1. Could you sort the peptides 53-60, 65-72 by per-residue average Cβ neighbour count (10 Å cutoff), highest mean leading?
2. Evaluate E = 1/(1 + (r/R0)^6) for PHE85 and ARG51, where r is the Cβ-Cβ distance and R0 equals 41 Å; express this FRET efficiency to the nearest 0.05.
3. Percent relative contact order of the chain, based on C-alpha pairs within less than 8 angstrom and at least six residues apart?
4. As a test of the formula, what do you get for the chain when each DSSP H run with n ≥ 4 contributes -39,500 (n - 2.57) and the sum is divided by the residue count, at 222 nm and rounded to the nearest 500 deg cm²/dmol?
5. Where does the range 1-68 land on the Kirkwood hydrodynamic radius, alpha-carbon pairs, in angstrom?
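Each value in this text was obtained by applying a stated rule to the coordinates, not by laboratory testing. Nothing here was measured: the structure is a model prediction, and the numbers come from that model. Counting neighbours? That spans all protein chains shown, and the Cβs are built from the backbone with ideal geometry, glycine included.
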Amino acid sequence: MQYREAKYAIGQIVEHRYLGYRGVIVDVDYAYAMDSSVLEQVNSALNNEGRPALDSDQPFYLILSDDTSDHLYISEVNLKDHDDFIDVDHDEIPHYLDKTKGLYKPRFFLH
């Protein structure tokens with residue numbers, strides 16, 4: 001498996017390229033790291049829609065979705081920049097990120 005460099009960073013606001021979900025990135029996996037059967041189901045659904053399958057050897061991002069309590073796990077190919085800098089409304093942001101000068105920065109904890 002060859003890992004690709006991640007295009008997006010923790011704290012960056014992004015949008016789903018096709019579905020319009022907007023949110024802030026709180027974690028990055030440099031390749032698909034969830035249950036492989038889930039990716040198989042997603043790829044089967046994409047195939048049924050005539051869309052190409054997702055490559056598991058690309059970055060996937062954990063995103064806190066705006067105006068919801070949802071956590072989304074989205075492949076890099078399905079994301080695009082979102083440059084409006086309007087705050088993302090999600091109750092868990094303070095657990096992951098600090099906001100400084102209008103930008104989200106990772107919050108690090110020492111246990």
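1. On the way: 53-60: 16.9, 65-72: 14.0.
Order by mean packing, descending: 53-60, 65-72.
2. Plugging the Cβ-Cβ distance into 1/(1 + (r/R0)^6) gives 0.85.
3. 30 percent
4. Numbers: 2 runs with 17 residues, N = 111.
Result for the chain, helices only: -4000 deg cm²/dmol.
5. 13.1 Å
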